[in-house]
Amino acid sequence: MMTTHFWRQRIICSILGAGFIMNGAAAATIQEPSGVVFERDFAPTQAIVTDMERLFRDAICLNGRWDFQPVELPAGWQDGQGKAPELPEPTDNGWDAVKIKVPSPWNVNALLHDRSGEGMDSRTFPSYPQRWNQVKMGWLRRLVMVRNDWKGRRIFLHLEAVSGECAVIVNGRRVGVHFDNALPGVLDITAAVECGKDNTILLGIRGGQLFREKGTYGSFTYPTGSFWLTDAIGVWQDVYLIAKPEVRVADVLVMPRVSRNELSVDVEVTNDSPKKRSVQVQVPVYPWINGTDLSADNVYKASEIVSSLGGEVLRLSSEVVEIEAGASYTFHLTTVVDERLKLWTIWTLGRPNLYAAVAEVIEDSKSVDRQYTRFGWRELELRDGDLLLNGKPVRMMHDFWHFMGVQAMSRRYVWAWYTLAQQAHVTLIRPHAMPHPRYYYDLADEMGMLVMDESGIFASHCDLNYDSEIFWQRNQEHIRNLVLRDRNHPSVVGWSVSNEVWCVLRSRASSEYQEKIYDKIDDLCKIAAQLDPTRQWIQSDGDRDLNGRLSVYTIHCGRDYEQPGPVGKLWGVTEGGSAYFGPASYYEPFIGDRAYRSFTDRMDALGVECYALLRKLRENDADICNTVNLFWHGIKPMPVGLKELSKKQLELTDGVFFGPYIEGKPGIQPERIAPFSTTVNPGYDSSLPLFEPWPLYTAMKAAFDPRGPQPCPWDRQTESKQSVPAAVEN
């Protein structure tokens, strides 16, 4: 069983296989950069209120420089007791002289290191003081003018993602608390806002680790997400003020039923006015037209947003309904399609057929609100152990990886991943171990890529407190929010409610305890099924079928793949191979004595091992085929912005740097991306290609070929007296 430290160390070793280690995470003022300046927008981002909605809704992006006040932990406070220290009110003279650039965690420069302080260079905001790296709680403050014409509307603070518990105070009034590391929090702050004046917004954030409580097998009492997010503290995605009408669309669920020739749309309307209102709903549907060339030849522009809507192709309408003051009502609309919509399909780069459903609330023949929802005309079904997309079975060549920080917070990075994946015949992506930012799913919709949507209930670090009642309450809310956020994405084929729960249970817990926890995980699956009637694929990734509870059987690294999977169940390996744990002795059976020569030789062995694994999976008719891993272990760390490749230690002047900081701009604006902190180069450094393959990439590409595994240099192993060692489940 891997400890958390061992797991992190293996990741760091895989990141820095070329032998490049940074020394510590000291923050300092950057001198004249010796690297590369990237002139374009790092994170192209669409405004949260679209053009179709702007007549009725408005928004202010609160990204920019905020005041920051670090708060010390009280003397004598004990970790692991389940009660975080109280966060005292900010003091007038406690604000740091350095502003924090929202979005960004305040300890961003110290993330993804091992215990010695070595690891991946994450110094993306070198202007931040080093003292922030150890801060566990603090206050952020921002003054914002709210216009007079927002009077009479409902005003919401939208936190797209905050790592840690976030208490919100507006003009001295506590308006709510949000605690979910990866998913949005939306708070109605209307009663606290003064229109026509400056308003003070305070965010009091306590790091999630302060809420740990020691249980039988672990201590985390909330869905942590993966490693970067487990340690990050602060606002790491966009912040908005949004004004909406009192009578408005609150939620939309689009349900394509291709086999029945029907499109159904549920529209929830909320009436926050002081009186009963008589309204109806109409939902016109328009083709969504992608104006961007997403091909690999268009590295600078491919991930930038250029789109428009075509002419109306169909419309759904309701009768008039009376909604009481303070109440909500859900309209259920259905219409026949009759070939007016084109199917959303995979591997149709930039042209998979997308549509916009614009839900409109109408009162007295006048529109009072609109909400835009993008969707695809496609249907998913599990039948006899197969996943059917539009009635046809799909075999899924799968790739996944952990979220690796600021460099991953851009459509450019996501486009690069999906581009190299599609070139290797990948059909299914799993944004691993936590809900990823929305653009991961947006680009999958646009590029024709399937997605397994995974929660932040990441059990692989072996430190979840399964005994804690509040842990399960937070898990349930987390799954609800995940499904509600992502259920209209046509790319999403299913829900992975957790990852590797077996890690602790199978090695330490009694069978009775294990069954109890599996029942609770199954309850999370039922929440997903209830909120999303369009998807039957619901799993706990790597936990097989939860001892018979699920209709899906997923394996991590074991030897089960050598035999055909269970009859009547979707099955496959979603993490396989030895990239995390293989020492030289492990690789000797694959390449003989060369395994002891060099890291490069061992990468050859990894290609041999994983090609054999994938070939066996395909021979056994697996629905899902994968190893660990194409996007990180299959391609080389890129020396972006590094002019002297012989350097043994990175300087803050090395790397890719970005243009002037812009207040109020959606998307993160890093100061720097370090060499070797990314395996893709979506145009940052013009002297480098998009990516450079290790043997694993070429081996996976050959094994994933739609015609069946094709010959390649890694399709056979060297003769050896040693037997191939059994794989270790990670």
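Among the conditions (1) assigned to a loop (DSSP other than H, G, I, E, B); (2) at pLDDT 95 or above, the only one that residue 388 does not satisfy is (1). Every test in (1) in a loop (DSSP other than H, G, I, E, B); (2) open to solvent by 30 Å² or more (accessible area, probe 1.4 Å); (3) modelled with pLDDT of 95 or more is passed by residue 83 save one, and that test is (3).
Okay, residues lined up against (1) among the β-branched types (Val, Ile, Thr); (2) over 22 Å from residue 495 (Cβ atoms); (3) outside any loop (DSSP other than H, G, I, E, B):
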| position | (1), (2), (3) |
| --- | --- |
| 558 | no, yes, no |
| 566 | no, no, no |
| 573 | yes, no, yes |
| 582 | no, yes, no |
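Within the range 436-453, the presence of a residue that is under 26 Å from residue 185 (Cα atoms), in a loop (DSSP other than H, G, I, E, B), of a type in the set (Ser, Thr, Tyr) and within 16 Å of the chain's Cα centre (by Cα) is excluded. Of all residues in the range 424-460, those that are open to solvent by 10 Å² or more (accessible area, probe 1.4 Å) and within 24 Å of residue 510 (Cα to Cα) total 0.
Of the residues that make up the range 114-122, is at least one touching a Gly at 6+ places or on another chain (Cβ under 8 Å), open to solvent by 30 Å² or more (accessible area, probe 1.4 Å) and either of a type in the set (Ser, Thr, Tyr) or modelled with pLDDT of 95 or more (or both)? The answer is no, given that none of the residues of the range 114-122 is touching a Gly at 6+ places or on another chain (Cβ under 8 Å), open to solvent by 30 Å² or more (accessible area, probe 1.4 Å) and either of a type in the set (Ser, Thr, Tyr) or modelled with pLDDT of 95 or more (or both).
Kindly indicate whether residue 503 is touching a residue at least 60 places away in the same chain (Cβ under 8 Å), of a type in the set (A, V, I, L, M, F, W, C), within 19 Å of residue 548 (Cα to Cα) and in a helix (DSSP H, G or I). So residue 503 passes the test. Every test in (1) assigned to a loop (DSSP other than H, G, I, E, B); (2) buried (at least 20 other Cβ atoms within 10 Å of the Cβ); (3) in contact with a helix residue (DSSP H, G or I) (Cβ under 9 Å, 6 or more places away or on another chain) is passed by residue 68 save one, and that test is (1).
Residue-wise test of (1) on the phi < 0 side of the Ramachandran plot; (2) hydroxyl-bearing (Ser, Thr, Tyr); (3) touching a residue at least 24 places away in the same chain (Cβ under 8 Å).
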{"position": "259", "(1), (2), (3)": "yes, yes, yes"}
{"position": "264", "(1), (2), (3)": "yes, yes, yes"}
{"position": "283", "(1), (2), (3)": "yes, no, yes"}
{"position": "288", "(1), (2), (3)": "yes, no, yes"}
{"position": "300", "(1), (2), (3)": "yes, yes, yes"}
{"position": "303", "(1), (2), (3)": "yes, yes, yes"}
{"position": "307", "(1), (2), (3)": "yes, yes, no"}
{"position": "314", "(1), (2), (3)": "yes, no, yes"}
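In the range 640-660, the qualifying residues are those that are loosely packed, with under 13 Cβ neighbours inside 10 Å and not acidic (Asp, Glu), and the one that is farthest from residue 123 (Cα to Cα) is 646. Scan the range 547-562 residue by residue and report those that are in contact (Cβ under 8 Å) with a residue 40 or more places away in the chain and either closer than 12 Å to residue 496 by Cα or of a type outside the set (Lys, Arg) (or both). Matches in the range 547-562: 551, 552, 554, 556, 557, 558, 561, 562. Within the range 150-179, count every residue that is among the acidic types (Asp, Glu) and either over 22 Å from residue 89 (Cα atoms) or surrounded by fewer than 20 Cβ atoms within 10 Å (Cβ to Cβ) (or both). The qualifying residues number 1.
Restricted to the range 706-730, and to residues there that are surrounded by 14 or more Cβ atoms within 10 Å (Cβ to Cβ) and either within 30 Å of residue 407 (Cα to Cα) or small (Gly, Ala, Ser) (or both), the residue that is modelled with the lowest pLDDT is 730.
The residue that is surrounded by the most Cβ atoms within 10 Å (Cβ to Cβ), among those in the range 619-639 that are hydrophobic (A, V, I, L, M, F, W, C) and assigned to a loop (DSSP other than H, G, I, E, B), is 630. Pairing residues of the range 678-699 that are aromatic (Phe, Trp, Tyr) with residues that are in a helix (DSSP H, G or I), at Cβ distances under 6 Å and at least 6 apart in sequence or on separate chains, gives 691/420; 694/603. The residue that is farthest from residue 166 (Cα to Cα), among those in the range 197-210 that are open to solvent by less than 20 Å² (accessible area, probe 1.4 Å) and either outside any strand (DSSP E or B) or modelled with pLDDT under 95 (or both), is 210. Scanning the range 309-347 for residues that are of a type outside the set (Lys, Arg), closer than 25 Å to residue 450 by Cα and open to solvent by 60 Å² or more (accessible area, probe 1.4 Å) yields a total of 3. Would you be able to say whether some residue in the range 277-298 is open to solvent by 80 Å² or more (accessible area, probe 1.4 Å), under 33 Å from the mean Cα position of the chain (by Cα) and farther than 15 Å from residue 443 by Cα? Looking through the range 277-298, at least one residue is open to solvent by 80 Å² or more (accessible area, probe 1.4 Å), under 33 Å from the mean Cα position of the chain (by Cα) and farther than 15 Å from residue 443 by Cα.
Scanning the range 139-147 turns up no residue that is in a loop (DSSP other than H, G, I, E, B) and of a type in the set (A, V, I, L, M, F, W, C). The set of residues in the range 510-535 that are touching a Lys or Arg at 6+ places or on another chain (Cβ under 9 Å) and either open to solvent by less than 40 Å² (accessible area, probe 1.4 Å) or more than 19 Å from residue 217 (Cβ to Cβ) (or both) comprises 514, 518, 521, 522, 525, 527, 528, 529, 531, 532, 534, 535.
Let's see how each residue does on (1) of a type in the set (D, E, K, R); (2) in contact with a Gly (Cβ under 9 Å, 6 or more places away or on another chain); (3) closer than 26 Å to residue 399 by Cβ; (4) touching a residue at least 60 places away in the same chain (Cβ under 8 Å):
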position: 635; (1), (2), (3), (4): no, no, yes, yes
position: 643; (1), (2), (3), (4): yes, yes, no, yes
position: 650; (1), (2), (3), (4): no, no, no, yes
position: 659; (1), (2), (3), (4): no, no, no, yes
position: 670; (1), (2), (3), (4): no, no, yes, yes
position: 673; (1), (2), (3), (4): no, yes, yes, yes
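Taken over the range 684-710, the criterion of being in a loop (DSSP other than H, G, I, E, B), over 30 Å from residue 162 (Cβ atoms) and not charged (D, E, K, R) is satisfied by 686, 687, 688, 689, 690, 691, 694, 706, 708, 709, 710. Among the residues of the range 223-271, just one is within 26 Å of residue 430 (Cβ to Cβ), hydroxyl-bearing (Ser, Thr, Tyr) and not in a loop (DSSP other than H, G, I, E, B), namely 230.
The values are calculated or read from the model by the stated rules, or taken from the named source; none is laboratory data. Note that the structure is a prediction, hence the values are computed from the model and not measured. Ideal geometry is used to build each Cβ from the backbone, glycine not excepted, and the neighbour counts take in all protein chains shown. The accessibility values were calculated without ligands, DNA or RNA, using every heavy atom of the protein model including side chains. Shrake-Rupley method; radii C 1.70, N 1.55, O 1.52, S 1.80 Å.
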